[in-house]
Amino acid sequence: MIEDKNTTRTSLSELGEFGLIDHLTKKFNIVQESTVFGIGDDAAVLDFKDKKCVLTTDLLIEGVHFDLSYVPLKHLGYKAVVVNLSDVYAMNATATQVTVSIAISNRFPLEALEELYAGIQAAAKVYNIDVVGGDTTSSTTGLMISITALGYADEENLVYRNGAGESDLLVVTGDLGAAYLGLQILEREKQVFLANPNSQPDLDMYSYLIERQLKPEARKDIQGLLKALEVTPTSMIDISDGLSSEVIHLCKKSNVGVNLYEDKIPLDPSVIAVCEEFKLNSTTVALNGGEDYELLFTIKQDDFPKIKANPNLSIVGHMTNESSGMGLVTRANEKIELQAQGWNPIQE
């Protein structure tokens, strides 16, 4: 963890567990009608009335999911919330609450945790959610963050992974690959710094890529956009582990095949430029890089006229009969088998 040696450091032992929780959460305000009671008792009380509740959780571990030598704690807090909200939006649901649990070692002073929670608070404000509970405990191995996100939807509006049909169109939001390249740039600059601590990196030309890595945004806007266009997805998933992995998930859950077209995959110009600099294949980066947190979904062909001119959406393929397999159609018009080579949380 990079730190300023001249800053004030308040030991967590001075507050104790409950004092720490009170200190870190005192600025969180209730904004959701479904939050009956938040932080301050044995459990939160929520009321979704006749809605269906959706719930998802994620665990981030220092040294596995993030490196504090280049990830600011405020950005980490923001990102930890966003990656969970993305899963709620991938159900076509509205996110409303999160709980935050952390395990921390004694190398972190109170001021460091204030930065982490400032990021959590910023995400709560941007996405209009309530922080309603969590837990804190000690750790001997570094920082761990677990976020649980809750939301709601009418039953008929929920979208699962298993609803895609043959001939449905495959659609992706935004652009892909930038977050992975942002990580590669940060890792490169870390190695430069370790070799020469006096070096001063110039990262201005990589700002978009680095922002996509350090401060991603969940696609809260897509639900409203599709509703306005009168389009109902038949299946949906968020792109956290790479486009290839997520396409395969949809196919296997829906018992269909796919033709994914290489020349239709949306790439930001900076992705293409940095791929050339790093001598990487831009298609491979988009397929396997991960952490884009865009949405991937399928729609009926009848809905094509409604979305074809929308700049937020790209049609990247179509679903096929399961027997035809899951394939990438290259720019040379060759079909090769899709493989899931993105992030694998279980490493030997």
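The values are calculated or read from the model by the stated rules, or taken from the named source; none is laboratory data. Keep in mind that what you see is a predicted model, and the values were worked out from it rather than measured. With ideal geometry, Cβ positions are generated from the backbone for all residues, glycine too; neighbour counts draw on all protein chains shown. When the accessible area is computed, the model is the full protein with side chains, heavy atoms only, and any ligands, DNA or RNA have been set aside. Shrake-Rupley method; radii C 1.70, N 1.55, O 1.52, S 1.80 Å.
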Residue list for region 289-306, restricted to those being under 25 Å from ASN333 (Cα atoms) and either more than 20 Å from the chain's Cα centre (by Cα) or surrounded by fewer than 20 Cβ atoms within 10 Å (Cβ to Cβ) (or both): ILE299, LYS300, GLN301, PHE304
Selection count, region 31-43, where residues are within 15 Å of VAL100 (Cβ to Cβ) and either modelled with pLDDT of 75 or more or outside any loop (DSSP other than H, G, I, E, B) (or both): 1
Enumeration of residues in region 72-82 that are crowded, with 19+ Cβ neighbours inside 10 Å and either in a loop (DSSP other than H, G, I, E, B) or out of contact with any strand residue (DSSP E or B) (no Cβ under 7 Å at 6 or more places or on another chain) (or both): LEU73, LYS74, HIS75, GLY77, TYR78, LYS79, VAL82
Failed item in (1) within 16 Å of the chain's Cα centre (by Cα); (2) on the phi < 0 side of the Ramachandran plot, with SER199 passing the rest: (1)
Pair list, Cβ under 9 Å, 6 or more apart: region 308-332 residue of a type in the set (Asp, Glu), other residue open to solvent by 20 Å² or more (accessible area, probe 1.4 Å): GLU322/GLU166; GLU322/ASN255
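The rows are residues; the columns are (1) surrounded by 18 or more Cβ atoms within 10 Å (Cβ to Cβ); (2) within 26 Å of ASN162 (Cβ to Cβ).
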| site | (1), (2) |
| --- | --- |
| GLU230 | no, yes |
| ILE237 | yes, yes |
| ASN255 | no, yes |
| VAL258 | yes, yes |
| ASP263 | no, no |
VAL100 assigned to a strand (DSSP E or B), touching a residue at least 24 places away in the same chain (Cβ under 8 Å) and crowded, with 21+ Cβ neighbours inside 10 Å: yes
Filter result for LEU296 (modelled with pLDDT of 95 or more and in a strand (DSSP E or B)): yes
Residue check, ASP87 acidic (Asp, Glu), crowded, with 21+ Cβ neighbours inside 10 Å and either at pLDDT below 95 or under 15 Å from the mean Cα position of the chain (by Cα) (or both): yes
Count of residues meeting criterion [in contact with a Gly (Cβ under 7 Å, 6 or more places away or on another chain), open to solvent by less than 10 Å² (accessible area, probe 1.4 Å) and not in a helix (DSSP H, G or I)] in region 103-130: 1
Residue in region 44-55 that is among the β-branched types (Val, Ile, Thr), open to solvent by 10 Å² or more (accessible area, probe 1.4 Å), assigned to a strand (DSSP E or B) and farther than 18 Å from GLU115 by Cα present: yes
Residue check for ASP221: open to solvent by 40 Å² or more (accessible area, probe 1.4 Å) and more than 27 Å from PRO109 (Cα to Cα): yes
Scan of region 149-180 for residues that are open to solvent by 30 Å² or more (accessible area, probe 1.4 Å) and not small (Gly, Ala, Ser), ordered by number: TYR152, ASP154, GLU155, GLU156, ASN157, TYR160, ARG161, ASN162, GLU166, TYR180
Single match in VAL258, VAL231 (criterion: touching a residue at least 24 places away in the same chain (Cβ under 8 Å) and farther than 24 Å from LEU85 by Cβ): VAL258
Near pairs, Cβ below 9 angstrom, 6+ apart or cross-chain, from region 189-218 (surrounded by fewer than 12 Cβ atoms within 10 Å (Cβ to Cβ)) to any residue that is outside any helix (DSSP H, G or I) and among the aromatic types (Phe, Trp, Tyr): none
Filtered residues of region 131-168 (kept if in contact with a Gly (Cβ under 7 Å, 6 or more places away or on another chain) and either without any contact (Cβ under 8 Å) to a residue 60 or more places away in the chain or part of a loop (DSSP other than H, G, I, E, B) (or both)): GLY142
Answer from LEU214, LEU186 - the residue that is of a type in the set (A, V, I, L, M) and in contact with a Pro (Cβ under 8 Å, 6 or more places away or on another chain): LEU214
